[in-house]
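Novice: Sharing a structure below in structure tokens format, with a few things to ask.
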Amino acid sequence: MLMNVVAQRLYSSRPMDQPSAKRSKVTIKTLNRLYKHGEPITMMTAQDYPSGMMADRAGMDMCLVGDSLAMVALGYDSTNPLTVDEMLHHCRAVARGCKSSFLVCDLPYGSYEADPTDAVRVSLRFLKEGNAEAVKLEGGKEMAETIERITRVGVPVVGHIGLTPQRQSALGGFRVQGKTAKQAHQLLEDALAVQEAGAFMLVLEAMPEEIATYITQQLKIPTIGIGAGVHCSGQVLVQNDALGLFDRFVPKFTKQYANLNRIMTDALRQYHDEVKSRAFPAPENTYPIDPRQLEKFWEMVGEHHRNEEKHEQERAVRVHA
Ligand code: KIV
């Protein structure tokens with residue numbers, strides 16, 4: 001008991017909520033089991049230690065360090081400027097917080113398209129230096145050779161077709177794909193080619209539900225939908241969209257589960273106001289000193305009158321009482 005009190009006094013910080021019971025590690029085997037049993041796979045993006053930790057604590061099967069972080073966390077206008085080093089930095093941070101979910105990292109634009117050998121090298125860096133467990137890359141048939149080369153060296157690959165944000169300038173913006181029969185057929189061919197090349201999972205972004213459902217039925221690997229309807233093998237959302245943190249625009253396919261932007265701005269405003277009014281820090285946020293040590297200190301700095309002032313105040317309080 002006494003030891004506890006001493007320990008509490010020695011610590012200068014308060015423990016926050018502790019995570020609930022530890023989950024077992026999600027692996028590719030776990031994901032395949034969920035897929036086989038028809039249980040939807042949950043994937044959520046994260047861009048740093050706290051967002052990775054929260055996704056993990058919420059029980060996500062998979063955590064994606066998506067290059068959407070270029071826009072929602074770094075303020076770029078598109079995902080294209082993001083560099084490999086920036087992405088590795090974010091991936092390592094997420095990995096430190098995300099211990100149980102299966103961790104996938106996007107290959108940044110320009111790091112893998114030109115040459116499959118570059119793609120292999122950069123993918124290995126994401127597993128070796130970023131602590132990712134798989135990489136994700138955008139594109140269909142034209143990326144088949146690259147996917148094959150990456151998977152051949154033992155790096156699991158998640159494909160991504162439909163709205164591929166890295167190609168938004170060629171697509172004419174962030175637009176829904178597969179709205180004509182010809183485009184939809186192309187998506188199906190891309191999906192089959194990505195599967196054939198060895199990808200273990202495929203993200204389907206922004207396409208009509210019927211097309212995504214049909215593609216899902218034709219494949220033997222799980223599909224993860226975002227704006228692709230409810231019949232995919234799982235779903236992914238961008239965390240900053242789902243929590244209402246990113247408010248520059250809200251894609252139609254997003255559901256806002258909270259409005260943290262408002263909650264956080266209100267909290268920061270309250271702090272600002274409390275500092276201005278000296279309501280913060282309160283006594284419970286300040287560190288006490290043994291009164292005898294304080295007296296000694298006043299004597300050391302030649303401020304004896306401070307002791308007298310204090311005694312005077314104490315006398316006044318007693319008289320009043
Ligand atoms: O970058 C990202 O967040 C993504 C998801 C939208 C799938 O690729």
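The values are calculated or read from the model by the stated rules, or taken from the named source; none is laboratory data. Small disclaimer: the values here were computed from a predicted structure and weren't measured. For neighbour counting, all protein chains shown are included, and Cβ atoms are generated from backbone atoms with ideal geometry for every residue, glycine included. Note: areas computed on protein heavy atoms with side chains; ligands, DNA, RNA excluded. Shrake-Rupley method; radii C 1.70, N 1.55, O 1.52, S 1.80 Å.
Novice: Based on the mean of other beta carbon atoms within 10 Å per residue, what is the order of 196-209, 236-249, most packed first?
Specialist: Ranked by mean Cβ neighbours within 10 Å, highest first: 196-209, 236-249.
Novice: I want to check the label-to-label distance for HIS89 and GLN256. Put each point 7 Å from Cα in the C-beta direction and report it in nm to one decimal.
Specialist: Taking the simple label geometry, HIS89 and GLN256 are separated by 2.9 nm.
Novice: From zero outward in steps of 5 Å, how is the percent of C-alpha pairs of segment 124-194 spread across the bins?
Specialist: Once binned at 5 Å, the Cα pair distances of segment 124-194 give 4, 16, 22, 22, 17, 11, 7, 2, 0.
Novice: Can you figure out the FRET efficiency of LYS36 with TRP298, using R₀ = 56 Å and their beta-carbon distance, to the nearest 0.05?
Specialist: 0.15
Novice: Turning to a different aspect of this structure: Just the ratio, please: alpha-carbon radius of gyration of segment 123-264 over 2.2 N^0.38 Å, N its number of residues.
Specialist: For segment 123-264, the normalised Cα radius of gyration is 1.09.
Novice: Need one number: the % of Cα-Cα pairs in segment 63-129 sitting beyond the 14 Å mark.
Specialist: Looking at segment 63-129, the distances longer than 14 Å represent 57 percent of pairs.
Novice: Give the carbon-plus-sulfur fraction of the accessible surface of the chain in %, rounded to a whole number; probe 1.4 Å, heavy atoms of protein chains only.
Specialist: Ligands and nucleic acids excluded, carbon and sulfur reach 56 percent.
Novice: Moving to a separate point now. Which entries of LYS99/LYS220; LYS179/LYS252; LYS99/LYS255 show an alpha-carbon separation above 24 angstrom in the structure shown?
Specialist: With Cα atoms farther than 24 Å apart: LYS99/LYS220; LYS99/LYS255.
Novice: To continue, here is another question. Report Rg (one decimal) and Dmax (nearest whole number) for segment 265-318, counting Cα atoms only, units Å.
Specialist: My reading of the Cα-based Rg and Dmax gives 16.5, 46 Å.
Novice: Per DSSP helix of 4 or more residues, -39500 (n - 2.57); summed, then divided by the residues of the chain. What does that give at 222 nm, rounded to the nearest 500? The partial results should precede the final answer.
Specialist: Numbers: 14 runs with 146 residues, N = 321.
Using -39500 (n - 2.57) per qualifying helix, the result is -13500 deg cm²/dmol.
Novice: Longer than 24 Å from Cα to Cα, which of LYS29/LYS128; LYS25/LYS141; LYS136/LYS182 are they? Say none if no pair is.
Specialist: Beyond 24 Å between Cα atoms: LYS25/LYS141; LYS136/LYS182.
Novice: Now, a different point. Over segment 220-321, what per residue volume does the convex hull of the Cα atoms give, in whole Å³?
Specialist: Roughly 247 Å³ of hull volume per residue.
Novice: Quick check: from the Cα gyration tensor, does segment 28-256 come out rounded (a/c under 1.5), prolate or oblate?
Specialist: Rounded shape, in that the Cα axes give a/c under 1.5.
Novice: While we're on this one: With label points built 7 Å along Cα→Cβ from the Cα atoms of LYS99 and LYS310, find their separation and express it in nm.
Specialist: The two pseudo-label positions are separated by 4.4 nm.
Novice: Calculate, for LEU268 and SER169, the FRET efficiency according to 1/(1 + (r/R0)^6) with r their C-beta to C-beta distance and R0 41 Å; round to the nearest 0.05.
Specialist: It comes to 0.70.
Novice: Roughly what angle does helix 260-276 make with the longest principal axis of the chain, taking Cα atoms, 0 to 90 degrees, to the nearest 10?
Specialist: 20
Novice: Hey, how many Å between the Cα centroid of segment 41-119 and the Cα centroid of segment 243-292?
Specialist: One Cα centre to the other: 26 Å.
Novice: Going by average Cβ density within 10 Å per residue, which order do the peptides 85-94, 43-52, 120-129 take, highest to lowest? Walk me through the intermediate numbers first.
Specialist: Numbers: 85-94: 20.6, 43-52: 23.5, 120-129: 18.7.
Going from most to least packed, we get 43-52, 85-94, 120-129.
Novice: Give the calculated FRET efficiency between GLU189 and GLU209 to the nearest 0.05, with a Förster radius of 22 Å applied to their Cβ-Cβ distance. Don't jump to the answer; show the numbers that get you there.
Specialist: On the way: r = 19 Å, r/R0 = 0.87.
Efficiency at R0 = 22 Å is approximately 0.70.
Novice: If you don't mind, there's one more thing I want to ask. In Å², what does the accessible area per residue of the chain work out to with a 1.4 Å probe?
Specialist: It amounts to 59 Å² per residue over the chain.
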